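Since every read-out is calculated from the coordinates, none of them should be taken as a lab result. Here the structure is a predicted model, which means the values were calculated and not measured. No Cβ is skipped: glycine too gets one built from the backbone with ideal geometry, and neighbour counts run over all protein chains shown.
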Amino acid sequence: MQAVNGAGTSAASNVASAATFSQQQLQYYVSPNGNDSNDGTTSSTPWQTIVKVNSFTYPEGSTVSFEGGQTFVGCLVFTRTIVPTSSVQNPFTVTSYGGGVATIQSSSSCSGKNTAAIIGDNINGFTVDGLKVVNAASTNWGILLQNSSVSWATQGMTVKNSEVSGFATTGGQSGGEIWILGYALNGNNGPLNNIQILNNTLHGTDPTSTDGAGVAGWGYGRNITNVLMQGNTVYNLGSPAPYAGLNANGMNGAIIQYNIIHDVGANVTTCGGTSGIETYNANNIFVQYNEVYNVQPLPAFTTGCDWDGIDLDGGTTNSTVQYNYTHHNGGAGILGYDGNPSGTTWGPNTFRYNISENDDLVRGIGGLFGLTPNPAPNPVYVYGNTFLNNIAQSSISTDPSACFYLPMWNGSGTFASGSMIENNICYMANPNSANNVEFLRDVNTISGLTFSNNLYYTPNNPQWVWNGTTYTTASSWASSGSESSPVYGDPLLSGAGNGGTCTWTASLANGPQPCPAGYALQPGSPAAGAGVAVTNNGGVDYYQNPLTTPLSIGAYSGSGNCRTGLWCLQVTVPASPNWTSIHQQISVAANQTYVASVWIKGSGSVELDAMYNSTNLATVKCTATSTWTQCSTPAFSTGSHTGLRFQLKDSYPGAGTLIADDCFMGVAGGTNVLSHPGFESGQTGWGIDAGGASTWVIAQF
């Protein structure tokens with residue numbers, strides 16, 4: 001990828017003394033009510049304009065603070081010329097002060113190709129914290145991080161707690177909200193190290209906005225190192241092709257986690273289109289704990305491809321996609337595009353313990369998991385995932401979205417030794433007009449790829465299209481010898497297809513788990529304990545439960561989240577109460593003093609009641625925390641009653657997710673009169689009100 005020279009920097013003036021500075025002198029304030037003749041060192045003597053900010057020379061450890069709630073027109077350019085000395089230990093920070101957040105609004109003075117509203121160039125410890133950055137011109141990027149002046153790495157550049165919006169392709173140069181360059185605009189191959197993009201909101205105005213990528217850029221080879229993208233909410237980016245919502249391009253060592261990415265790529269009409277998260281020419285990348293959805297064309301599909309949830313694209317090596325939830329994307333939930341840009345060979349890469357629900361909505365790839373266009377040149381490991389599609393594709397007569405789609409467009413061949421697809425659930429209820437679904441489809445002949453212990457289920461007509469043969473029954477697939485120990489049957493998921501959109505806050509890193517709750521296994525599931533052993537398997541499932549021995553099939557292992565045993569109750573508390581309950585009617589002794597209790601952990605509140613008919617004998621509000629807590633009613637008399645109702649009810653506002661276990665009713669310290677108080681027999685003995693199935697879920701968590 002080629003870059004051209006960007007805008008230059010203005011000459012410095014009012015150079016700060018090299019003498020020792022007081023803490024006050026390291027603080028510089030900017031307000032519309034200020035004056036550029038002021039010293040700027042107090043909020044009572046602020047500067048007024050961005051021109052002044054760009055023309056001052058700052059001592060090490062300086063902070064430039066813009067008045068909150070105010071708008072400042074122009075573009076900020078921070079280079080070594082005006083920040084000659086800075087370090088990770090004494091960073092240079094740009095932020096807001098007072099009430100609210102300051103807005104930096106680009107203008108015609110920084111409009112056109114290769115421009116940015118804020119530039120941080122070769123400044124160690126450069127930090128943007130708590131600003132709003134908007135495009136009021138034709139500015140290419142919101143925030144640009146680069147190193148245009150030296151051959152050694154710039155250390156510690158951070159953008160956090162900020163909102164960036166409105167930046168798009170300009171003059172043929174792809175644009176977007178935050179751009180990270182290891183190959184600077186002036187052609188310098190300047191490395192960057194320790195880059196953090198944290199807790200930002202990166203967005204356009206609506207799904208079809210022209211905004212480009214949320215975070216993107218390029219390296220010189222892989223000279224952008226040790227990157228963390230965490231806690232960002234990224235949405236309404238209509239035109240990111242060929243980029244994604246979040247991109248790791250030219251990076252060596254990156255973690256992309258706890259991000260929410262949705263409504264991306266609405267305007268794309270080409271192939272090589274877009275994804276929610278994408279890596280390219282990158283090494284040692286972990287993509288984990290993200291929710292990606294609605295990456296799709298709008299208002300409807302016309303032409304093009306991709307719109308994938310997560311894509312390990314060309315030249316990606318030694319990387320892992322794990323513990324992510326993708327849903328309702330136009331293309332694959334997870335894609336491996338094993339192209340080999342110059343000097344790279346794709347893989348080895350791992351895809352494990354992810355959940356994909358109703359992806360490939362417009363058949364942007366052709367499958368929920370896709371691997372293309374070559375037999376993997378290094379090992380690929382695909383295991384422990386759950387793939388589900390239950391949206392009918394009756395408008396097409398052939399090739400509905402497959403669970404596994406492996407088109408070797410560049411020709412037949414052999415996968416690298418050790419490559420495998422094992423222990424995955426394929427739940428396919430997306431029939432075409434002939435009532436057929438596809439678990440597997442290849443293009444050209446493939447060898448060297450091991451299939452083992454995958455579970456397949458459909459209420460429709462199954463097909464496995466493999467190496468020139470179409471298998472139409474589970475027995476014919478099993479007898480073909482193409483897979484070891486396949487399992488065929490309903491996996492008994494606790495709420496198949498009801499995952500929906502999770503309720504969590506990216507900046508708090510509190511999700512998406514335990515959402516979606518519907519992919520736990522119910523009692524009697526043929527997936528439980530039916531997997532094949534996998535070495536170096538990460539140790540936990542999607543829900544962070546310790547993996548069982550033997551392994552289960554799919555993204556859920558069971559055990560770990562319950563207080564005791566393998567079974568418990570998950571309560572998904574909606575923002576507004578739905579007044580449903582889970583309850584048990586029990587026989588009790590008359591004229592006894594009883595207490596009711598439940599152990600809870602997580603977030604949110606439920607009501608615990610001991611009732612006779614519709615009369616509450618005792619009630620208490622139970623609010624969950626991060627540790628197990630026993631919530632108990634006040635003691636109450638059973639009176640003359642011989643039958644009571646134990647009840648947990650959704651009665652309080654405020655969304656949350658909590659786990660309940662080990663219920664009790666009886667004389668304190670005495671016999672528990674409840675049956676199945678720890679939910680170890682599933683829903684046996686328990687009733688759930690109509691409309692409460694998504695709120696109250698009993699399963700192995």
| request: Run a plain Debye calculation on the chain (Cα atoms as equal point scatterers, no solvent) and give log10 I(q)/I(0) at q = 0.09, 0.10 Å⁻¹, rounded to two decimals, same order as the q list. | output: -0.83, -0.97
| query | Put +1 on the Cβ of each Lys and Arg and -1 on the Cβ of each Asp and Glu in the chain; which of Y427, T684, T548 then has its Cα farthest toward the positive end of the dipole? | reply | T548
| request: Please get the size of the charge dipole for the chain, origin at its Cα centre, with Cβ charges of +1 on Lys and Arg and -1 on Asp and Glu, quoted in debye to the nearest 20. | output: 640 debye
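Rounded to the nearest 5, what % of DSSP beta bridges with both residues in the chain are antiparallel?
Working: 52 of 203 bridges.
Percent antiparallel among DSSP bridges in the chain is about 25.
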| request: For A429 and S108, calculate 0.36 nm times their separation in residues minus their Cα-Cα distance, and state this gained length in nm to one decimal. | output: 110.2 nm
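Net charge near N199: determine it from the other residues with C-beta under 12 Å of the C-beta of N199, scoring Lys and Arg +1 and Asp and Glu -1. Don't skip to the answer; put the middle values down first.
Working: positive: K160; negative: D129, E163.
For residues surrounding N199, the net value is -1.
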| S43-V150 pseudo-label distance in nm [points 7 Å out on the Cα-to-Cβ vector] | 3.5 nm
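Of all alpha-carbon pairs in region 199-488, indicate the percentage at a distance above 30 angstrom.
On the way: 10160 of 41905 pairs.
Of the Cα pairs, 24 percent sit more than 30 Å apart.
Could you grab the relative contact order for the chain? Cα pairs under 8 Å, six or more apart, rounded to a whole percent.
Numbers: 2369 pairs, mean separation 44.0, N = 701.
Across the chain, relative contact order equals 6 percent.
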| request: Please get the size of the charge dipole for region 567-700, origin at its Cα centre, with Cβ charges of +1 on Lys and Arg and -1 on Asp and Glu, quoted in debye to the nearest 20. | output: 140 debye
| said: Below 8 Å between Cα atoms, with a sequence gap of 6+, how large is the relative contact order for region 567-700 in percent? | reply: 42 percent
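Using Cα pairs closer than 8 Å and at least 6 residues apart in sequence, work out the relative contact order for region 199-488, in percent.
Details: 1012 pairs, mean separation 30.8, N = 290.
After rounding, I find 11 percent.
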| message | Please flag any cysteine in the chain that has no other cysteine's Cβ under 4.7 angstrom from its own Cβ. | response | C663
| Computed over region 551-701, the ratio Rg/Rh where both radii use C-alpha atoms and Rh is Kirkwood | 0.96
| request: Rank S106, N378, Q585 by how far each Cα sits towards the positive end of the charge dipole of the chain (+1 on Lys, Arg Cβ; -1 on Asp, Glu Cβ) and give me just the farthest. | output: S106
